[in-house]
Amino acid sequence: MKAHYGIPAPGLRFTPVSMLVMAMLGCRTRDEVSLEAFQNLRQKFKNWEAVASASSDEVNDCIHRITFPKTYCIYIPEALRGIIRQQGKLSLDTLTHMTVGQALHSLQQHRGVGPKISACVLNFSTLRMRALVVDTHYLRFAARFQLIKDDWNYNLKMKVIQRLIPNCWLAKDTEEHHVFVKKLAQEFCVTGTPRCCGCPLQMMCPHGQCST
């Protein structure tokens, strides 16, 4: 897909805690809206410790434009407090000493942190771990490529996809792969009837071959 899309431009690289907040804000929310909410929090509170002790109403004032503000104005401070209880300080640096699987599991102990958010923290932050971020676009792509089945539950789909990551891949490879698949799913492998004609992977895709 590099031949079609070129090499992706480097994204913003946050600290793990900042990336956790950013990923929670971005749940089914456009990037520009979640970034605005993130910046609102940074302007209102002097640090993430202050967000951890803030009321849900105070947090909601900053993030009210995201898709699930009433949910994440509770979950974000709760997750930050959970990290403090777990680590003795607001830091996720201990994740660097874990395997990807262990780190994903550790993050998902916090309410509101699922497979996608935890993978964002590992792969998109300064941790640069080789977790693959799987969103709704990726799941749609994977189903049409017959990597997963529609009747599988969400956790099984995620586990199967993570296990398919080649052992030789580095963190930059999983990040690029996520970006490529997201672009492909938004341009060609769309919801409803896919636009298989012109898709650079049409001849490799079982669904695409059926449409020729």
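The values are calculated or read from the model by the stated rules, or taken from the named source; none is laboratory data. What you are looking at is a predicted structure, and each value in this text was computed from that prediction instead of being measured. Here Cβ is always computed from backbone atoms with ideal geometry, including for glycine, and neighbour counts include all displayed protein chains. All accessible areas refer to the heavy atoms of the entire protein, side chains included, with ligands and DNA or RNA removed. Shrake-Rupley method; radii C 1.70, N 1.55, O 1.52, S 1.80 Å.
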What are the pairs, 6+ residues apart or on separate chains, where a residue within the stretch 169-194 that is under 22 Å from THR126 (Cβ atoms) and at pLDDT below 95 has its Cβ under 7 Å from a residue that is part of a helix (DSSP H, G or I) and open to solvent by 60 Å² or more (accessible area, probe 1.4 Å)?
none
Just to be sure before I move on: is THR94 of a type in the set (S, T, N, Q), modelled with pLDDT under 95 and closer than 24 Å to LEU12 by Cα in the structure I sent?
no
Could you please find all residues in the stretch 1-28 being open to solvent by less than 20 Å² (accessible area, probe 1.4 Å) and out of contact with any Leu (no Cβ under 9 Å at 6 or more places or on another chain)?
SER18, ALA23, MET24
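Every residue, every condition in (1) surrounded by fewer than 17 Cβ atoms within 10 Å (Cβ to Cβ); (2) farther than 17 Å from LYS2 by Cα, yes or no:
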residue: CYS168; (1), (2): yes, yes
residue: LYS172; (1), (2): yes, no
residue: HIS177; (1), (2): no, no
residue: GLU187; (1), (2): yes, no
residue: PRO194; (1), (2): no, yes
residue: PRO206; (1), (2): yes, yes
residue: GLN209; (1), (2): yes, yes
Which one of these does LEU156 not meet: (1) open to solvent by 50 Å² or more (accessible area, probe 1.4 Å); (2) of a type in the set (A, V, I, L, M, F, W, C); (3) part of a loop (DSSP other than H, G, I, E, B)?
(3)
